[in-house]
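Coordinate-derived values only; no laboratory data. These numbers were taken from a predicted model, which means no experiment stands behind them. Cβ coordinates were reconstructed from backbone atoms using ideal geometry, including for glycine residues, and neighbour counts include every protein chain displayed.
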């Protein structure tokens, strides 16, 4: 079957298992524009997948951890305390690198480690950067997650590369957010400073075979004592990603968090709050786009001339344009 | 005379020499809002001062350099090749620290070194952060520069603390932009990576008594060879700020650049380009402000409800709101 260029046909082909169709859909989302909006509109109508975000400082071992987590995720979410489970017959990974405008470099290197899954048709791994999507990754990633849901992926793992503002935003827009750190004095403080404490549903101390696990755990517990954690106190899981230690516990903890969110009706509430935030961003992005279209136009140039001649000031000129 | 709260009266009082009135005007600009716009509108109608921006990596010695440069600046701009000079009977310094939401900390420490000028009524030094100005420092700083011009300051030195995106933006919005670096292998490359090569009108190698001056100069010259520098090739000046070496040459080079800009009619052209950019930012900031007002409103909440029910997607919802 020839690959379509129509979003609706591509979604159908991707549903039937075409990875090339899925890749093309995600490229459309990255690129933005009208095709991207058409894809977003179509996929929005389907229910979203369960999303798990992983973030943490570079070097914390997130790639290896994500790699290992795929295998655990394939076992699915079990039923917990009456909350229905979820079969993960397929698992998708989005690896986000906001610092690279074009996919390439380090993240592709990391992806090579994921090669063991490359031939497994139930696993889909994709690096993602922003290439023109209006509003950047903070809008492109939710769109991409919904595309993956619309074509039938029950669960999506979203891994970010660094801990910049954008990465924190992207990771915290998942249903369950996992913050990865390493043992050692000060790592917990750093995470706190980077705003990771507030967004964490689960903490993972990776490379737990190194010294300092107890100190990091103690620092975290102290910080959690000061936070409001009435409904869910973020558990701390120790892992050694390179040999797989703790990965089953990490997945079980993610499943616990999912069940807790659903039991407390907090999953829908969270998603509604995220949608309100997303709508705000889309409005801002569309307005910004209008500014770009206005700039360079005749009315804009006339105001610039008036500004240069000091007949008007920038605030009144802007009001006149709006 | 009691200090007014009216922008027009404050400007008059500041013109007559009241530093308290000037300080209050600049606080209004920092805070943003309608008072800030009133100040901006009034000061916009006067001709702007000549502005000199200094930027460079933290630790490059910008504070000490600025401190020394004040004394050199007081000698004024001489007439050069028929371009009229400018008497600097007063000199103002704006020290910009975008990383600190409230003025304080390191930059106040640096300001202590400027105490020798504290009792000199012809010199005005002010630290500035953004406290609420719509559009942040990239709009507040041009406003503040114009206030200083409107009350009679012929020349304003703008010093930034770091080399983040915002600092580079602020420093490059001056009439003459000076990039400060230190001797040593790689410093020039770092500056290039930070986008400083494109914005530099003049390079200063400060701490020139340390080894590596020749290498830094060579690196810079090589990079300049690859750039388009037909009209003005950024000169490289060596200084030792702490004993004043090279400061007269640095000021003379700034004066040369000013004369060259004016002779080439490039000063007005640059200012017009900056005004166009500023107008674009003001429009964007005012639109963003409107988004904030829309969000939380009834129409917005209705769209969020429709989003949650998946009756509409975020892009169509945003269009409906706009």
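Summary table below
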item: Span from the the range A:186-227 Cα centroid across to the the range B:179-224 one, whole angstrom; result: 40 Å
item: Shielding by other protein chains, A:287-298, mean Cβ within 10 Å; result: 4
item: For the range B:20-98, alpha-carbon Rg and Dmax in angstrom; result: 15.7, 44
item: Compactness of the range A:172-248 - radius of gyration and Dmax, Cα, Å; result: 12.0, 35
item: Residue exposure sequence - A:64, A:229 - by fewest surrounding Cβ within 10 Å; result: A:229, A:64
item: Calculated label separations, residue A:265, copies of the chain, 7 Å along the beta-carbon direction, nm; result: 7.1
item: Distance between the range A:269-305 and the range A:27-61 - C-alpha centres, whole angstrom; result: 20 Å
item: Three semi-axes of the equivalent ellipsoid, the range B:265-322, Cα gyration tensor, whole Å, largest first; result: 38, 11, 6
item: Label distances, nm, residue B:226 versus same residue in remaining copies, Cβ-directed 7 Å point; result: 4.7
item: 10 Å Cβ neighbours from other chains, averaged over peptide B:205-215; result: 0
item: Helix axis angle, A:298-308 relative to chain A longest principal axis, alpha carbon, degrees; result: 80 degrees
item: Label point 7 Å beyond Cα along the C-beta direction, distances from residue A:8 to other copies (nm, shortest first); result: 6.3
item: Estimated [θ] at 222 nm from DSSP helical runs (n ≥ 4, -39500 (n - 2.57)) normalised by residues in chain A, nearest 500; result: -15500 deg cm²/dmol
item: Using alpha-carbon coordinates, inclination of helix A:266-294 to the longest axis of chain A, degrees; result: 30 degrees
item: Of all DSSP beta bridges in the protein assembly as shown, antiparallel share, percent nearest 5; result: 10 percent
item: Peptides A:141-153, A:42-54, B:253-265 ordered by average Cβ neighbours within 10 Å, highest first; result: A:141-153, A:42-54, B:253-265
item: For peptides B:24-34, A:167-177, sequence by mean Cβ density within 10 Å, most packed first; result: A:167-177, B:24-34
item: Cβ-derived FRET efficiency at R0 25 Å, residue A:274 paired with residue B:311, nearest 0.05; result: 0.90
item: Dimensions (Å) - the protein assembly as shown, Cα atoms, principal axes, largest first; result: 82, 55, 54
item: Per-residue average of Cβ from other chains inside 10 Å of B:33-41; result: 2
item: Computed log₁₀ I(q)/I(0) - Debye formula, equal Cα scatterers, no solvent, chain B, q 0.09, 0.13 Å⁻¹; result: -0.51, -0.96
item: B from A by rotation - nearest chain A beta carbon to the axis, in Å; result: A:287, 2
item: Crossing angle, helix B:33-44 versus chain B [Cα axis fit, 0-90 degrees, rounded to tens]; result: 40 degrees
item: Square roots of 5 times each gyration tensor eigenvalue, C-alpha, the range B:185-322, largest first, Å; result: 50, 20, 15
